[in-house]
């Protein structure tokens, strides 16, 4: 396979490799921006990895298993390494791999799968990660090893040495330790070796003494067989004694002290290349110490963020509850293996002392006071530090009590929550998952807990929040502050007018209200919802002095950087209930997660310093990801278009109107053009009038796109176009999901500008296709867009790209400017929405508020209700048939 074109590889100085999961055990690699620059050696390593993956993805996967995970890798890339390394580890422990070679098949147990799933970090494409995904990736690893070793001329041992000298194959000798019923020798030891391989591909295990007969006492083969035993004896006096006495060749009984020595030295034997088969209770640590803490067994006297829940602690050894007196009695006894209540358990005085100390600390917490709900849920992450106990000393199990468990069950299973209505005068039929979303948001409000609504783009986050606010309005008067990017004001106003016209809304922004007074009590009393922007919050600082009933952030990724003035100011706004809306996933950026929850439920993830320490420990102990998900999961409602519970409720094509506001410069140009037209149209008629109208119509479209398109200038500054601002917000979310998008425009002259703008957002090169693109080149562009390398976007002129192309790699279509002929727009959309498309397609139709775009869209919508054949084939000619008054009403800017 050829390397990807260099244009598709982003500048990597400030980026790291991440993994994006795909269905059926598949994955892709891509680059993600990081803070600061990466070390040159780390960068070179990542670039080599990327190149290798693009050359041969199957061989690359096996190669990862022999590489070492380091701090230079992202969490998602480290996770891929961990899976591959688990395979290689099992491969190295197969005594028959040298004989079987390409016929070797390494099985994966359910326990292995469960552990790998628990260790999964926040990762892009996590919706595909399940047992089936792991098993299919495992199959690819088996196939990769088979294919690689078949063409390798040396031995498997030489292959391992070449791939990673620190890894070695397990020898053919096995050590067995089993329980015995003999009182004096309660354990038995036996050494075996793997003899010849059967037709079924499995070797027979024979006592090691048989090797004396098979090979002879002084043969080279016997020395090779015993090489791992000799290596183990160099670091273990216990094994050295067995070798010297000859007991290594015979089954022998072991005392509890000898068995304890054996069990503690297992790691030495395995490092020497000996596979150990021992009682399951030691491997699983079922005999270990455990401090069990339960929080929230009883319902608190009141609900809310500060509600207090109960707290209990118990000590267990070998699965049996122990009193403090029993622990102290064990401390007076000798260390080692002790048979208690029908089970063998390990008695280690240092561990017992530390566990007892942690238990006494827990007792003090219990006596001191109950803890808040947030503290109770945070306990999962910080229990070790709170109780001052190490993982090595004892297992610390934190469980939720009966009441708290029922609450979390409701939060993680919205279908179990008592449903709420959308309130009266609500003009929308919510889908089932949306109704559950409204109930979930209300349930969170009743608990006084902040909620993150993180549904996939296109699933209707806005309408769910509006339904909640409309329901609240019908019950009592509350004040809700909604903070949005300036470009979204129009969207919210349109959605509220459409779905909940009785919801009284006031906008703290000069585009809607010229004169805004601080603390206007009349305005506060007469309205339910107050909308402002992140930018205006810096100006209207008095908004943080009001205590709001609810505070809602749309595009909440705006506060992902905790150090900005904007983020700090948002977090100073006081509210009883908080909602964060975001379609941008949190995968691969744990720092964003902390800032989000510092807003929603302060203290849940500790301080920034505490959370930073926790994330650093995740590198060494990936099990912490399971705890982190357990803590934040109940506060995040994220439904994906791939969810089986959602997808049956969705159309295959979701069409959305995306409203943008005109900037000041656009407003000035728009009004001037309309005023000029008003004067000229009075003195024209016939073909001249028709040409004047069509020309003006085209110019107004250009102004709506960007002032520089109309003025013929080449700068195209983002802040001068409302559409460019909306395009960024939508495409940032598309990029976070590593999805692809088609952007259609009827103007060839703006395609280069859109391409350059989108390249900044996606940090990848995209493609352009218009009328001047040669036919041969078009085929190459389609193949490139549909190919393996991530090409996130293609900008197309609707005439050249609206028919005949198969672009099913995209599942987003943006109509940047409207053709106003639905048949033509649908044909363009069908470049993605066609046979071969495996995802739901989202169609974004851009409309500038108050302009001719919005007015004609309403005309088309009204006509659609009457007939499927909406407009004549000649696109905008019907507009020229209007009289002067109708025409000017259509053209003038609606304030």
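The values are calculated or read from the model by the stated rules, or taken from the named source; none is laboratory data. For clarity, every value in this text was computed on a predicted model and none was experimentally measured. Quick reminder, even Gly has a Cβ in these numbers, built from the backbone with ideal geometry, and neighbours come from all protein chains shown.
Each row is one residue, and each column tells you yes or no for (1) without any contact (Cβ under 8 Å) to a residue 40 or more places away in the chain; (2) within 27 Å of residue 597 (Cα to Cα); (3) loosely packed, with under 15 Cβ neighbours inside 10 Å; (4) not assigned by TED's automatic domain parsing to the domain that holds residue 259.
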| position | (1), (2), (3), (4) |
| --- | --- |
| 321 | yes, no, yes, yes |
| 325 | yes, no, yes, yes |
| 337 | no, no, no, yes |
| 343 | no, no, yes, yes |
| 362 | no, yes, no, yes |
Exercise. Within the stretch 734-756, count every residue that is in a helix (DSSP H, G or I) and crowded, with 19+ Cβ neighbours inside 10 Å.
Key: 7
Quiz prompt | Any chance residue 503 is at pLDDT 95 or above, in contact with a helix residue (DSSP H, G or I) (Cβ under 8 Å, 6 or more places away or on another chain) and surrounded by 20 or more Cβ atoms within 10 Å (Cβ to Cβ) | solution = yes
Exercise. State whether the residues of the stretch 463-470 include one that is at pLDDT below 90, over 27 Å from residue 597 (Cβ atoms) and in a helix (DSSP H, G or I).
Key: no
Self-check item: Search result, residues across the stretch 347-359 that are under 40 Å from the mean Cα position of the chain (by Cα) and closer than 18 Å to residue 265 by Cβ
Solution: 351
Quiz item: Can you tell me how many residues in the stretch 622-669 are part of a helix (DSSP H, G or I) and under 24 Å from the mean Cα position of the chain (by Cα)?
Solution: 16
Exercise. Could you list, in sequence order, all residues of the stretch 56-66 that are modelled with pLDDT under 85 and either closer than 30 Å to residue 613 by Cα or outside any loop (DSSP other than H, G, I, E, B) (or both)?
Key: 57, 58
Self-check item: Selection count, the stretch 464-482, where residues are closer than 30 Å to residue 811 by Cα and in contact with a helix residue (DSSP H, G or I) (Cβ under 6 Å, 6 or more places away or on another chain)
Solution: 4
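Condition check ((1) in a helix (DSSP H, G or I); (2) at pLDDT 95 or above; (3) surrounded by 12 or more Cβ atoms within 10 Å (Cβ to Cβ); (4) not assigned by TED's automatic domain parsing to the domain that holds residue 855) across all residues:
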| residue | (1), (2), (3), (4) |
| --- | --- |
| 678 | yes, no, yes, no |
| 683 | no, no, no, no |
| 687 | yes, no, no, no |
| 690 | yes, no, yes, no |
| 695 | yes, no, no, no |
| 704 | yes, yes, yes, no |
| 709 | yes, yes, yes, no |
| 714 | no, no, no, no |
Quiz prompt | Of all residues in the stretch 271-285 being surrounded by fewer than 16 Cβ atoms within 10 Å (Cβ to Cβ) and touching a strand residue (DSSP E or B) at 6+ places or on another chain (Cβ under 9 Å), the one that is farthest from residue 114 (Cα to Cα) | solution = 277
Practice problem: Please specify each residue of the stretch 428-453 satisfying the condition of being on the phi < 0 side of the Ramachandran plot, assigned to a loop (DSSP other than H, G, I, E, B) and surrounded by fewer than 22 Cβ atoms within 10 Å (Cβ to Cβ). | Solution: 428, 429, 430, 431
Exercise. May I ask you to say which residue of 474, 564, 582 is surrounded by fewer than 17 Cβ atoms within 10 Å (Cβ to Cβ), modelled with pLDDT of 90 or more, out of contact with any strand residue (DSSP E or B) (no Cβ under 6 Å at 6 or more places or on another chain) and under 25 Å from residue 719 (Cβ atoms)?
Key: 564
Quiz prompt | Unmet requirement for residue 626, which otherwise passes all of (1) in contact with a helix residue (DSSP H, G or I) (Cβ under 6 Å, 6 or more places away or on another chain); (2) within 30 Å of residue 433 (Cβ to Cβ); (3) free of Cβ contacts under 8 Å to residues at least 40 places away in the same chain | solution = (3)
Quiz item: Since residue 767 meets every condition but one in (1) touching a strand residue (DSSP E or B) at 6+ places or on another chain (Cβ under 7 Å); (2) at pLDDT below 95, which condition does it not meet?
Solution: (2)
Quiz prompt | Filter pass, residue 606 being touching a residue at least 40 places away in the same chain (Cβ under 8 Å), surrounded by fewer than 20 Cβ atoms within 10 Å (Cβ to Cβ), touching a helix residue (DSSP H, G or I) at 6+ places or on another chain (Cβ under 7 Å) and part of a helix (DSSP H, G or I) | solution = no
Practice problem: Only one of these is at pLDDT below 95, over 22 Å from the mean Cα position of the chain (by Cα), in a helix (DSSP H, G or I) and closer than 30 Å to residue 123 by Cβ: 780, 784. Name it. | Solution: 784
Practice problem: Mind listing whichever residues of the stretch 802-818 are assigned to a loop (DSSP other than H, G, I, E, B) and touching a residue at least 12 places away in the same chain (Cβ under 8 Å)? | Solution: 802, 803, 805, 806, 807, 808, 809, 810, 811, 816, 817, 818
Quiz item: Does residue 838 count as at pLDDT below 90, surrounded by fewer than 18 Cβ atoms within 10 Å (Cβ to Cβ) and closer than 23 Å to residue 721 by Cβ?
Solution: no
Quiz item: How many residues does the stretch 386-427 contain that are over 30 Å from residue 499 (Cα atoms), in contact (Cβ under 8 Å) with a residue 40 or more places away in the chain and in a helix (DSSP H, G or I)?
Solution: 7
Practice problem: Considering (1) out of contact with any helix residue (DSSP H, G or I) (no Cβ under 7 Å at 6 or more places or on another chain); (2) farther than 25 Å from residue 821 by Cβ, say which one residue 691 fails and leave the rest. | Solution: (2)
Quiz item: Restricting the search to the stretch 366-385, which residues are closer than 22 Å to residue 407 by Cβ, at pLDDT below 75 and not in a strand (DSSP E or B)?
Solution: 366, 369, 370
